[in-house]
Ligand SMILES: Nc1nc2c(ncn2[C@@H]2O[C@H](COP(=O)(O)OP(=O)(O)OP(=O)(O)O)[C@@H](O)[C@H]2O)c(=O)[nH]1
Ligand SMILES: [Mg+2]
């Protein structure tokens, strides 16, 4: 089982050394997928002998960069599983991969989502703000119920993608923004793929980046979009 990590970067080179300290042994190696950063990330990768790939897509964004990382990881690195790691100091701790490996040895899963909710107390100690936690708790419960997917945190940034998922789902036309991460869950469900979860810690106290709560491209507008997707999902099924 070849497990490869990809680090998504967008002007996060200052936090890149911290990312490197948080890569667990269960990840065979990592590479970087960068979205047109104006910093020294390429140089840092060279220094640390880490393969560096620029997102070639015309439209940039979180989803766009993620698509590039999935293509590179499965096609060039021949991974069986790809672990998503964020360039913001790996705010979602990739150590969750250790639990995922135990799970994968028992069950063949296609998508694993990290859950902050499973270890809520620990995450509250790490500064998980109520303004993010409460909407996530409520919305994830609704989504779990509506979609009948047995996970507790639908909006987590820790994910593990399988090769099988990448072969079954054509994600090329998915959102180039944050919505990608919800679309992939929905399509995994549509294709009857197996979705599982592991607990993940998320450090809101140390320096990191977060999705802004309101305004254009905010967590709020993203959430409205997720409900549109759920509505379309049920309409198509009917
Ligand atoms: N290409 C690109 N990548 C981005 C952009 N915004 C964020 N990212 C990347 O996506 C990662 C996750 O985004 P964050 O804004 O930290 O969001 P999050 O940590 O998943 O979510 P919360 O903290 O719960 O809001 C970042 O570390 C960046 O590497 C963007 O506008 N363009
Ligand atoms: Mg973050």
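Rule-based calculations on the coordinates, nothing more; no lab input. Note that the structure is a prediction, hence the values are computed from the model and not measured. Here Cβ is always computed from backbone atoms with ideal geometry, including for glycine, and neighbour counts include all displayed protein chains.
Each row is one residue, and each column tells you yes or no for (1) surrounded by fewer than 14 Cβ atoms within 10 Å (Cβ to Cβ); (2) away from ligand 1 (no atom under 16 Å from the Cβ); (3) farther than 22 Å from residue 131 by Cβ.
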position	(1), (2), (3)
177	no, no, no
180	no, no, yes
192	yes, yes, yes
230	no, yes, yes
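Answer with yes or no whether residue 73 is out of contact with any helix residue (DSSP H, G or I) (no Cβ under 6 Å at 6 or more places or on another chain) and not in a helix (DSSP H, G or I). If you could, list the steps in order and put the result at the bottom.
Details: out of contact with any helix residue (DSSP H, G or I) (no Cβ under 6 Å at 6 or more places or on another chain): yes; not in a helix (DSSP H, G or I): no.
No; evaluated as a whole, the condition is false for this residue.
Would you mention how many residues in region 156-186 are under 21 Å from residue 103 (Cβ atoms), part of a helix (DSSP H, G or I), away from ligand 2 (no atom under 16 Å from the Cβ) and touching a helix residue (DSSP H, G or I) at 6+ places or on another chain (Cβ under 9 Å)?
Here is the first cut: in region 156-186, the residues under 21 Å from residue 103 (Cβ atoms) are 156-169, 181, 184-185.
Now narrow it down to the ones that are part of a helix (DSSP H, G or I): 163-168, 181, 184-185.
Imposing the further condition that a residue be away from ligand 2 (no atom under 16 Å from the Cβ) reduces the set to 163-168, 184-185.
Those left that are additionally touching a helix residue (DSSP H, G or I) at 6+ places or on another chain (Cβ under 9 Å): 163, 165-168, 184-185.
Number satisfying all stated conditions: 7.
Within region 199-228, how many residues turn out to be within 11 Å of ligand 1 (Cβ to nearest atom) and in a helix (DSSP H, G or I)?
The number of residues fulfilling the criteria is 2.
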